[in-house]
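Novice: This is the structure I want to talk about, given as structure tokens.
What follows is calculated from the coordinates using simple rules that are stated; it is not laboratory data. The structure presented is a predicted model; accordingly, all values stated were derived computationally and were not measured. Neighbour counts run over all protein chains shown; Cβ positions are idealised from the backbone, glycine included.
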Amino acid sequence: MDLGFVKVGAAIPRLKVADCFFNIEQIEGLIRKAVSENVQFVCFPELSITGYTCMDLFSHQTLLDNAEKALLTLIEQTSELPILSIVGMPLRMENLLFNTAVVFQKGKILGVVPKTYIPNYKEFQEERWFASGVEKTGEEIKIGSHLYPFGRRLLFCDGNIRAGIEICEDLWVPIPPSSELCMAGANLIFNLTASNELIGKHQYRQALVRQQSARCITGYIYSSAGFGESSTDLVFSGNAIIAENGTILKSSERFSINEQLIISEIDMANLENDRIVNRSFMKGYDQEKMAVRPIPFERAPLPEPLCLTRFVDPSPFVPFGDELRERCEEILNIQVHGLAKRYEHTQLKTAIIGISGGLDSTLALLITVMTFDLLHIPRKHIIGITMPGFGTTDRTYTNAVGLIRSLGVTLQEISIKAACTQHFSDIGHNPEVHDVTYENAQARERTQILMNIANKENGLVIGTGDLSELALGWATYNGDHMSMYGINSSIPKTLVKYLVEWVAKNKIGETSCRILLDIINTPISPELIPADDNGDIKQKTEDLVGPYELHDFFIYHTLRFGATPTRIYFLARHAFKDKYDDDTLKKWLRVFYQRFFAQQFKRNCLPDGPKVGSVSFSPRGDWRMSSDTSAAIWLQEIEKL
């Protein structure tokens, strides 16, 4: 199974200007190299058979005749290869010369696509030689002794794969041909180009490719001319880019004198899901105006098992590298401004937060402090309440109290032990039985305290629960599940840790920083079961429901892309290949689906909270599902893995 992936390549051969037979030798070598890597599609630069910088030689019959002979030779010499190849060359049609992309496979030309927009400004004078594809006089073009499909709107189709082509300048105009091709069904776009280098042009070029792949929700494969083109007036650095829906998956080295071939996999299943979800994608589609001509072909199969060359992020919610600072700032600002608006609307001046010494309540407290600072409300109006119970350890208690004091927040301590003991007596529950009743009674007692103090102090209870807990239902219904504003409701557990760490290192004093770093290293626990004999946390959440890094991975691919269990398992094996074995992945994937479906009733009555990233469980926004939905078909699929 290809599991929705296609393998593509962008090649940059060495070339000699006007030496067509030398050039096809280089092209053939890269085609064969791509085949050895199981590539299914490969594209080459604009006018790669002749070279882009032939200039007035494009009007010479010798060059045009030899280019055609070289093309036919290349096709014959690669006739046993299943790969779909796309090369650039000049082709005549009656009284016009076109800058074209020729598509061939297994010794046969499938079709020819002409360039639509011909640049004729500054260093580009292509109108001197080439006509636009809109000027064509027929639907077929003659190469050798045969006629082949010719036109700007050819789509090369195999099942759900539909590949379209544009050439260089086509991408740089306000409405690129690829925009219309994608609305007409294309989900792969190949761009053959010869783009020279100028200061700052590389960044703009990358932005164009990235943005067009995102706007069109497509895979975009871009190959630009490199070393060997004439340097009379221009320099061509060689630039190959493979992008998918706004993300650059792979790019080549610029200014290399060596040939290059970059390879990656395009996730067609994710692209299809995003197009279906985005109901605006087809707005403005004119079936008659944007009509395409389908050209069937048979795609080369991928080997089994499929081994991905692209990076599969094990922490898809967590920014990394240069993005970390910018993303953390943005996330915190979204949370702060969401809470600030709620306070501006309610005209309240007090916040009530239960502080456990764990990650979630810590982040909620930090966000509330930032919000009050923004609104110029004294921090003393934030009431941080620590509510020690039967499982509270010295470490978490000390961190909770220390953090509240270090931030200048009002501290209040209310033990829940006596109240819960009385409650157990009232309902006839044996406190030595540490079951769900024992645990949930504590959670609901804490929520009751927070809600009642909020009424007493005329304030809001700030929720602390995160997105990962909502996915798994790891919250007590009408206990910690409830608040007056759920500030962390779309922050996954893996991201909470990084946000707290970033605040500790960038926005906080030394004392608070030390406490925050210890909180980060504290095992995740609801602390509802008494500690062990050493006073350490006994009830560790990840021992019970599984590692949060796995569940966040499952959440991301389930919610963001609607991925099947089979695809998620396949991706997880790549992402966590050095950390978890197959049985472990299957075990926690099964737990995820069981809990995810069983706990929807909690998500269907969530309090308000700001959406931060691409995934949210708000029943008023991103996620609407019946509380009674069966997980049977998902669990059955897992059993077959």
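Novice: Is there a quick way to get the dipole size of region 90-144? I mean about its Cα centre, with the Cβ of Lys and Arg at +1 and of Asp and Glu at -1; what is the value in debye to the nearest 20? Intermediate values should be presented prior to the final figure.
Specialist: Details: 8 positive and 7 negative charges, 52 e Å.
Value, rounded to 20: 260 debye.
Novice: Here's something else I'd like to know. Kindly rank 76-82, 421-427, 114-120 from highest to lowest mean number of other beta carbons found within 10 Å of each residue.
Specialist: Details: 76-82: 14.0, 421-427: 12.1, 114-120: 20.9.
Top to bottom by mean Cβ count within 10 Å: 114-120, 76-82, 421-427.
Novice: Kindly give the semi-axes, whole Å and largest first, of the ellipsoid equivalent to the chain, taking each as the square root of 5 times a Cα gyration tensor eigenvalue.
Specialist: Details: eigenvalues 718, 123, 86 Å².
Here the semi-axes work out to 60, 25, 21 Å.
Novice: Mind listing the lone cysteines of the chain, meaning no other Cys beta-carbon sits under 4.7 Å from theirs?
Specialist: C20, C43, C54, C157, C168, C307, C328, C420, C513, C605
Novice: Mind checking the full-extension length gain between A291 and E135? Use 0.36 nm per residue of separation minus the Cα-Cα distance, one decimal, nm. All intermediate terms of the calculation are to be shown ahead of the outcome.
Specialist: Working: separation 156, 0.36 × 156 = 56.16 nm, distance 1.72 nm.
Residue separation times 0.36 nm, minus the Cα-Cα distance, leaves 54.4 nm.
Novice: Loop-only chymotrypsin sites (Phe, Trp or Tyr not before Pro) in region 320-382, please: DSSP not H, G, I, E or B, and at most 13 other Cβ atoms within 10 Å. List each step's numbers first, then the result.
Specialist: Numbers: sites: F320, Y343, F372; in loops: F320.
Answer by residue number: F320.
Novice: Related question: Rounded to whole Hz and in sequence order, give me ³J(HN,Hα) for region 143-155 from the Karplus expression 6.51 cos²θ - 1.76 cosθ + 1.60, θ = phi - 60°, writing x for Gly and Pro.
Specialist: For region 143-155, the Karplus-derived couplings read 10, x, 10, 10, 9, 9, x, 9, x, 6, 10, 8, 10 Hz, x marking Gly and Pro.
Novice: Taking amide H positions as placed in the peptide plane 1.01 Å from N, state which residues far from F190 in sequence (5 or more) or on other chains have amide H under 5 Å from it.
Specialist: The answer is G164, I165, E166, I221.
Novice: Moving to a separate point now. Give the value in nm², to one decimal: projected area of the alpha carbon convex hull of region 5-296, averaged over all directions.
Specialist: Projected area, direction-averaged: 13.8 nm².
Novice: In which sequence would C54, C307, C216 go, from the one with the fewest C-beta neighbours within 10 Å to the one with the most?
Specialist: On the way: C54 21, C307 10, C216 24.
So the residues, fewest neighbours to most, are C307, C54, C216.
Novice: About the Cα centre, and with charges only on the beta carbon of Lys, Arg (+1) and Asp, Glu (-1), how big is the dipole of region 5-296? Nearest 20 debye, please. Spell out each step's value before the answer.
Specialist: Details: 28 positive and 34 negative charges, 106 e Å.
Here the size comes out at about 500 debye.
Novice: Please report the projected area of region 246-394's Cα convex hull averaged over all directions, in nm². Mind dumping the intermediate values first?
Specialist: Numbers: hull surface 78.9 nm².
With every direction weighted equally, the projected area is 19.7 nm².
Novice: Moving on to the next point. How large is the dipole of region 1-142 about the Cα centre if only Lys and Arg carry +1 and Asp and Glu carry -1, each at its Cβ, rounded to the nearest 20 debye?
Specialist: Numbers: 14 positive and 18 negative charges, 46 e Å.
Around 220 debye, computed over region 1-142.
Novice: Project the alpha carbons of region 500-627 onto their principal axes and report the range along each, largest first, in whole Å.
Specialist: 45, 37, 30
Novice: State the extension gain, in nm to one decimal, for the chain segment bounded by D543 and V433, taking 0.36 nm per residue of separation less the distance between their alpha-carbons.
Specialist: Going from the current span to full extension adds 37.6 nm.
Novice: Also, quick follow-up: Of F601, A225, G246, which is farthest towards the positive pole of the chain's charge dipole, taken about the Cα centre with +1 and -1 on the beta-carbons of Lys, Arg and Asp, Glu respectively?
Specialist: F601
Novice: Provide the gained length on full extension for the span N458 to Y121, in nm with one decimal, where the gain is 0.36 nm per separating residue minus the Cα-Cα distance.
Specialist: On the way: separation 337, 0.36 × 337 = 121.32 nm, distance 6.77 nm.
Between N458 and Y121, full extension yields 114.6 nm more.
Novice: Take the Cβ-Cβ distance between D56 and D313 as r, set R0 to 51 Å, and report the resulting FRET efficiency rounded to the nearest 0.05.
Specialist: On the way: r = 50 Å, r/R0 = 0.98.
Plugging the Cβ-Cβ distance into 1/(1 + (r/R0)^6) gives 0.55.
Novice: When only DSSP loop residues count, what GluC sites (Glu not before Pro) in region 241-350 have their Cβ near at most 14 other Cβ atoms within 10 Å? Don't skip to the answer; put the middle values down first.
Specialist: Working: sites: E244, E253, E259, E265, E272, E288, E298, E323, E326, E329, E330, E344; in loops: E253, E259, E288, E298.
Passing both the DSSP loop test and the Cβ count: E253, E288, E298.
Novice: So, one more: Could you list, in their original order, any pairs among K602/K640; K108/K142; K7/K115; K69/K106; K540/K587; K7/K33 whose Cα atoms are separated by more than 22 Å?
Specialist: K602/K640; K7/K115
Novice: Now a separate question. Using only C-alpha atoms and all pairs of different ones, pull out the Kirkwood radius for region 323-639 in Å with one decimal. Working shown, then result.
Specialist: Working: mean 1/r = 0.0494 Å⁻¹.
Here the Kirkwood hydrodynamic radius works out to 20.2 Å.
Novice: Which one of N120, I263, N440 has its Cα pushed farthest toward the positive end of the charge dipole of the chain, where Lys and Arg give +1 and Asp and Glu give -1 at the Cβ?
Specialist: Positive-most Cα among the choices belongs to N440.
Novice: Note down the nm distance, to one decimal, between modelled labels 7 Å out along Cα→Cβ at Q412 and at K33.
Specialist: 7.0
Novice: Counting only the backbone N, which residues of region 334-348 are under 12 Å from the spot 7 Å out from the Cα of L375 toward its beta-carbon?
Specialist: 336-348
Novice: Now for a different question. Calculate for the chain the 222 nm mean residue ellipticity that helices alone would give, adding -39,500 (n - 2.57) per DSSP H run of length 4 or more and normalising by residue count, nearest 500 deg cm²/dmol.
Specialist: Working: 19 runs with 236 residues, N = 641.
Result for the chain: -11500 deg cm²/dmol, rounded to the nearest 500.
Novice: Nearest 0.05, what FRET efficiency do T566 and T511 give at R0 = 45 Å with Cβ-Cβ as r?
Specialist: Numbers: r = 50 Å, r/R0 = 1.11.
Computed FRET efficiency for T566 and T511 comes out at 0.35.
Novice: Using a simple spin-label model with points 7 Å from Cα along the Cα→Cβ vector, what separation in nm is obtained for T421 and L96?
Specialist: So the label points at T421 and L96 sit 9.2 nm apart.
Novice: Right, something else. Charges on Cβ only, +1 for Lys and Arg, -1 for Asp and Glu, centred on the Cα centroid of the chain; of T62, L30, N95, which one is farthest towards the dipole's positive end?
Specialist: Most positive-ward Cα: N95.
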